[in-house]
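Shown next, in structure tokens, is the structure this report addresses.
The values are calculated or read from the model by the stated rules, or taken from the named source; none is laboratory data. Note that the structure is predicted; figures quoted are calculated from it, not measured. Please note: Cβ atoms are built from the backbone with ideal geometry, for glycine as well, and neighbour counts cover all protein chains shown.
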Amino acid sequence: MEKRLPIQQTEKWLFHLQQERTLQLRLASEQGTDTPVLIEGHDISVLLDYLYDHREVIYEATHDQERRDLEAKAAFDGSLAHELEKQPVEPTRYFDDGIRRTRAGI
């Protein structure tokens, strides 16, 4: 029995992971000129290990400086927001005499 997973597309490639008798990964060009590359079984795991071992090189080669700056800013903004969440907020107290409201401590 074949398990069919959705096909994922990029601008240049089609990726399709399917499980027939063995697990298969098919890579095909969207231009349709080349025959698909078929990677089966344990070789998929070997490919993933290779990509994982070289993830820093892949990241550096595929992320431009602008994207790195945006990611660093997002990480900083997230850490800053986390720090602000930790700080206690002083409640604002008011006195109301029925005519007007006055902020306490002024």
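I'm trying to understand the selection: among the residues of region 4-56, which are of a type in the set (Asp, Glu) and surrounded by fewer than 12 Cβ atoms within 10 Å (Cβ to Cβ)? Break it down into steps so the answer makes sense when it comes.
Taking region 4-56 and keeping what is of a type in the set (Asp, Glu), we get 11, 20, 30, 34, 40, 43, 49, 53, 56.
Scanning region 4-56 gives GLU11, GLU20, GLU30, ASP34, ASP49, ASP53, GLU56.
Those residues that are at pLDDT 85 or above and hydroxyl-bearing (Ser, Thr, Tyr), I need them from region 52-76; list them, please.
TYR52
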